[in-house]
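K.L.:
I have a structure I would like to understand better, so I am pasting it below and will then ask my questions one at a time.
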Amino acid sequence: MNTKAASKPVTKTNKAAKADAELADALRPGQSVELLKELHILTREGRLNQDSRRKLKQVYHLFQFIEQLLRELPEEGAGATLADHGAGKSYLGFIIYDLFFRARQGSSGHVYGIETRGELVERSRALAQRLGFDRMSFLNLTVAESAQASELPEQIDVVTALHACDTATDDAIAFGLAKKARCMVLVPCCQAEVAACLRETKALALSRTPLAELWRHPLHTREIGSQLTNVLRCLYLEANGYSVTVTELVGWEHSMKNELILARYTGQRKASAATRLRELLAQFGLDTLGDTRFRLA
């Protein structure tokens, strides 16, 4: 009896030590555990479980792309400005600040979270204050409003938009162009505008070209509309002086909203991209979008 009773505290201690070791191995040096608990990446007890391991892996995967872009900026991004559009609870902005700006000595960089839901903006402001993240600002604005807002600097180095629904990604691109962004990191979501345009002109398209078979069925209309939207966005960015890389955000088993568009400003406007953009708009009966979403100078 006494032997068994004495062994229980040792077992608990060993389990706790193992959990601490796993956590230390999973996190980056100096990373805020309190932040990860607030973002529900760690449990309330500050521990990892299967779900939190998956979340942390996804966060690090996205961060590594953004970190590389920041390090390509002057002085390795120490004074960079970053605007996160459709920030929601601002978990992306908080992670970037914690892992990059806060951890770097002498960093003067600033992160701006832009969100239309006032309650989320207030919550993010309170969390930043509680954690001492004093170079974070949260603005209750639309993307269109933010392009003219006095609270933001004239130039933004990096623009991010994670799971920006439908035309919100296009709004973020327009913001990036207006702010002469050096880099854009875009994860589009739920593209519907182009699919709606394809449905409207489907009968005419079917009578003109066999290519319209690609979107004759409603499910294909949605899928082709989504794919075409991102192709047009990439051409539009290239036509405006950006080099573009398209890759996966996470494995397809985690999310179907998985396309990650990375754009770096080079200043070399590709005339061929502008030509292809116009041709695709005409081919798919989307000429009106050339006067709105994809207007070229």
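The values are calculated or read from the model by the stated rules, or taken from the named source; none is laboratory data. Small disclaimer: the values here were computed from a predicted structure and weren't measured. Cβ coordinates were reconstructed from backbone atoms using ideal geometry, including for glycine residues, and neighbour counts include every protein chain displayed. Note: areas computed on protein heavy atoms with side chains; ligands, DNA, RNA excluded. Shrake-Rupley method; radii C 1.70, N 1.55, O 1.52, S 1.80 Å.
K.L.:
With out of contact with any Cys (no Cβ under 9 Å at 6 or more places or on another chain), more than 30 Å from residue 70 (Cβ to Cβ), aliphatic (A, V, I, L, M) and in contact (Cβ under 8 Å) with a residue 40 or more places away in the chain as the only criterion, which of 204, 289 stands out?
P.N.:
Details: 289 fails: out of contact with any Cys (no Cβ under 9 Å at 6 or more places or on another chain).
Exactly one residue qualifies, and that residue is 204.
K.L.:
Examine the stretch 158-173 for a residue that is modelled with pLDDT under 90 and in a loop (DSSP other than H, G, I, E, B), and state whether such a residue exists.
P.N.:
yes
K.L.:
Name the one entry in 92, 82, 69, 99 that is closer than 17 Å to residue 157 by Cα, touching a Lys or Arg at 6+ places or on another chain (Cβ under 8 Å), in contact (Cβ under 8 Å) with a residue 40 or more places away in the chain and not hydroxyl-bearing (Ser, Thr, Tyr).
P.N.:
Numbers: 92 fails: touching a Lys or Arg at 6+ places or on another chain (Cβ under 8 Å); 82 fails: touching a Lys or Arg at 6+ places or on another chain (Cβ under 8 Å); 99 fails: closer than 17 Å to residue 157 by Cα.
Checking each option against the conditions leaves just 69.
K.L.:
Being surrounded by 11 or more Cβ atoms within 10 Å (Cβ to Cβ), without any contact (Cβ under 8 Å) to a residue 12 or more places away in the chain and not aliphatic (A, V, I, L, M) is the filter here, so list the residues in the stretch 145-159 that pass it.
P.N.:
145
K.L.:
Turning to a different aspect of this structure: Please verify whether residue 149 is among the small types (Gly, Ala, Ser) and modelled with pLDDT of 85 or more, treating the condition exactly as stated.
P.N.:
Considered against the rule, which asks whether it is among the small types (Gly, Ala, Ser) and modelled with pLDDT of 85 or more, residue 149 comes out as yes.
K.L.:
Same structure, new question: Limited to the stretch 207-233, what total is found for residues that are touching a residue at least 12 places away in the same chain (Cβ under 8 Å) and open to solvent by less than 20 Å² (accessible area, probe 1.4 Å)?
P.N.:
8
K.L.:
Can you tell me how many residues in the stretch 126-144 are part of a helix (DSSP H, G or I) and open to solvent by 30 Å² or more (accessible area, probe 1.4 Å)?
P.N.:
Selection size over the stretch 126-144: 5.
For (1) open to solvent by 70 Å² or more (accessible area, probe 1.4 Å); (2) not aliphatic (A, V, I, L, M); (3) not in a loop (DSSP other than H, G, I, E, B), each residue gets a yes or a no:
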| position | (1), (2), (3) |
| --- | --- |
| 58 | no, yes, yes |
| 62 | no, no, yes |
| 70 | no, no, yes |
| 76 | yes, yes, yes |
| 79 | no, yes, no |
| 87 | no, no, no |
| 94 | no, yes, yes |
| 103 | no, no, no |
| 108 | yes, yes, no |
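K.L.:
Same structure again: Among the listed residues 246, 194, 187, which satisfies the condition of being within 26 Å of residue 65 (Cβ to Cβ), open to solvent by 10 Å² or more (accessible area, probe 1.4 Å) and either touching a Phe, Trp or Tyr at 6+ places or on another chain (Cβ under 7 Å) or at pLDDT 85 or above (or both)?
P.N.:
Criteria check complete, one pass: 246.
K.L.:
Related question: Counting only residues that are within 21 Å of residue 89 (Cβ to Cβ) and open to solvent by less than 50 Å² (accessible area, probe 1.4 Å), which one in the stretch 11-32 is modelled with the lowest pLDDT?
P.N.:
27
K.L.:
Right, here's the next one. Which of the following residues is surrounded by fewer than 22 Cβ atoms within 10 Å (Cβ to Cβ), of a type outside the set (Phe, Trp, Tyr), part of a helix (DSSP H, G or I) and modelled with pLDDT of 90 or more: 53, 123?
P.N.:
123
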